[in-house]
Amino acid sequence: MVNVTSTENGDMLTYYDVDGTPTPLIYNLGNMAWIIVASALVFIMIPGLGFFYAGLLRKKSALSMIWMSMAIMSVVTFEWFFWGFSLAFSTTSSNKFIGNLDNFGLMGVDINPSTGGTTLPQLLFCIYQMMFAAITPVIACGAFADRARLGPILIFTFCWSTIVYNPIAYWTWNVGKGWANVMGGLDFAGGTPVHISSGTAALAISIFLGKRKGYGTEQLAYRPHNVAYVVLGTVFLWFGWFGFNGGSALGANLRAVQAMMVTQVATAVGGLTWMFWDWRLERKWSTVGFCSGAISGLVAITPASGYVGTPAAVAFGVVGGTACNFATGLKNILGYDDALDIFAAHGVGGIVGNILTAFFADSRVASFDGSAPIPGGWINHNWIQLGYQLADSASGFGWSFVVTLILLFAIDRIPGCHFRSTEEEEILGIDLAQIGEEVMVIPLLHDFVNPEQGAEIHHATGSTDAKFSPAHSEKDLEAQAPSASSA
């Protein structure tokens, strides 16, 4: 039985066992309310990412990105309940790499103080961190776009969350236990566990799957099919990121406000920076360029958001937007097909953010929530911090890349679990081939011209034999139905 009462001012009063002695603990309801809201804000980022990816792709594969965002979130939710939270945040593990199964099935996850600190109960901390765990593979799995079967992706998600995300989250955020945390690495909201791990996994996926059909030809020289989706996704991500970074303060305090301020500044500057770089080449003020830069700014400021002052956020936006913009050219240099530039935005952006944190981390800002002071970064003459940040980044990069490749090879060899779709499915589109639905049905003129003359009407049949499937071109339709087109 959980013993919970209230204090005179309405805060939650409970008792938990410390060496056999009931010890009183007060949870501030304001802190709890903020983290509840922050959890919902991070949740809204998940479909936001789906819309962002969908808008960037061709219409025939757009729905699969939105579907994937929700399906992957559901898989990770179960994995987190099953053993994910225990592997990442158990408090009784004796090693520095991964947790144990003492909290298997969320056993004992209730009113006790959280792994992140005594300001929150463990149950609330669990659901907040669940949202982080859920969005990370959604970021990575965008690399499957246009050319992968959806069923094996769900198997991959469960395995990847278990043996890639959970260990990295443990060594980064499990206070006093994870090796990077003990070493002194600074990662406020997920530079390594979320962005470097997912961006690097996307690189591994792109290399493993190979290039899409028509890569390097005019066939794939397409514009994003729906820029409005890109903007909508960016708005959801930007909005939700206030909970992503601000909530990582684990309380309603000045540090949370500071994290939200630097998030806003870095995002705005990142968007403008990328847009200016694109204008230099094309003399156009690209909407997609601005949105891509905004995401780069968000990624770069993530590990530093609770450690840096507002002026430093400008540097994160400029350097993050510039580095990620130029990193999109890596796929041409190295010869891999990262359809959505996930490695450039999240892998490179996360590394840049971690490194800049070493320069700009300020012990004064870190104490805005009243916590114990940190040595800070180069601003505080703590020169060794750069080494800590590089070690953390390299470890996350290496672990994610190697284990992701191993998982891909292993799952791909299970009968019926091969990742790559057939050539016919790629031509038709993943939406119709794998889901049987489309993100948007736009009937063609041929569907309405003299149907009494025998013109067949087919919508989203999921078959390459459909005479009027939207996956076919106008010329194909005219060739197949001359009577309808000449009437």
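Annotations for the structure displayed:
- Criterion (within 27 Å of Ser64 (Cβ to Cβ), assigned by TED's automatic domain parsing to the domain that holds Leu250 and either at pLDDT 95 or above or in a helix (DSSP H, G or I) (or both)) met by exactly one of Gly84, Gly99: Gly84
- Residue list for the range 68-94, filter: farther than 30 Å from Ile430 by Cα, surrounded by fewer than 19 Cβ atoms within 10 Å (Cβ to Cβ) and without any contact (Cβ under 8 Å) to a residue 24 or more places away in the chain: Phe82, Thr92, Ser94
- For the range 362-420, residues that are more than 30 Å from Ile207 (Cβ to Cβ), touching a residue at least 60 places away in the same chain (Cβ under 8 Å) and among the acidic types (Asp, Glu) total 1.
- The range 323-337: number of residues that are farther than 23 Å from Phe276 by Cβ and charged (D, E, K, R): 1
- Residue within the range 114-133 that is surrounded by fewer than 18 Cβ atoms within 10 Å (Cβ to Cβ) and more than 23 Å from the chain's Cα centre (by Cα) present: yes
- Lone qualifier among Thr77, Thr91 - being in the same structural domain as Leu298 (by TED's automatic domain parsing) and either modelled with pLDDT under 95 or closer than 20 Å to Ile411 by Cβ (or both): Thr91
- Output for the range 353-373, where each listed residue is out of contact with any Phe, Trp or Tyr (no Cβ under 8 Å at 6 or more places or on another chain) and part of a helix (DSSP H, G or I): Asn354, Ile355, Ser363, Arg364, Ser367, Phe368, Asp369
- Residues of the range 134-152 satisfying the condition of being surrounded by 23 or more Cβ atoms within 10 Å (Cβ to Cβ) and assigned to a helix (DSSP H, G or I): Ala134, Ile135, Thr136, Pro137, Val138, Ile139, Ala140, Cys141, Gly142, Ala143, Phe144
- When Gly398 is tested against (1) closer than 27 Å to Gly347 by Cα; (2) buried (at least 16 other Cβ atoms within 10 Å of the Cβ); (3) not charged (D, E, K, R), just one condition goes unmet, and that condition is (2).
- The one condition from (1) without any contact (Cβ under 8 Å) to a residue 12 or more places away in the chain; (2) surrounded by 24 or more Cβ atoms within 10 Å (Cβ to Cβ); (3) of a type in the set (S, T, N, Q) that Asn332 does not meet is (2).
- Residue within the range 98-105 that is surrounded by fewer than 23 Cβ atoms within 10 Å (Cβ to Cβ) and of a type in the set (Asp, Glu) present: yes
- Flag for Gly271 being small (Gly, Ala, Ser), in contact with a helix residue (DSSP H, G or I) (Cβ under 8 Å, 6 or more places away or on another chain) and under 23 Å from Gly117 (Cα atoms): no
- So Thr200, is it touching a Ser or Thr at 6+ places or on another chain (Cβ under 9 Å), under 23 Å from Arg255 (Cα atoms), part of a helix (DSSP H, G or I) and among the polar types (S, T, N, Q): no
- Every residue from the range 287-317 that is more than 13 Å from Gly191 (Cβ to Cβ), more than 17 Å from the chain's Cα centre (by Cα) and touching a residue at least 12 places away in the same chain (Cβ under 8 Å): Thr287, Val288, Gly289, Phe290, Gly309, Thr310, Ala312, Ala313, Val314, Ala315, Gly317
- Residue check, Ile155 assigned to a helix (DSSP H, G or I) and buried (at least 21 other Cβ atoms within 10 Å of the Cβ): no
- Contacts under 9 angstrom Cβ, first residue in the range 99-124 being more than 18 Å from Pro24 (Cα to Cα), partner assigned to a strand (DSSP E or B), 6 or more apart: Leu124/Tyr27; Leu124/Ser114
The values are calculated or read from the model by the stated rules, or taken from the named source; none is laboratory data. These numbers were taken from a predicted model, which means no experiment stands behind them. Neighbour counts are summed over all protein chains in view; Cβ atoms, including those assigned to glycine, are modelled from backbone coordinates with ideal geometry.
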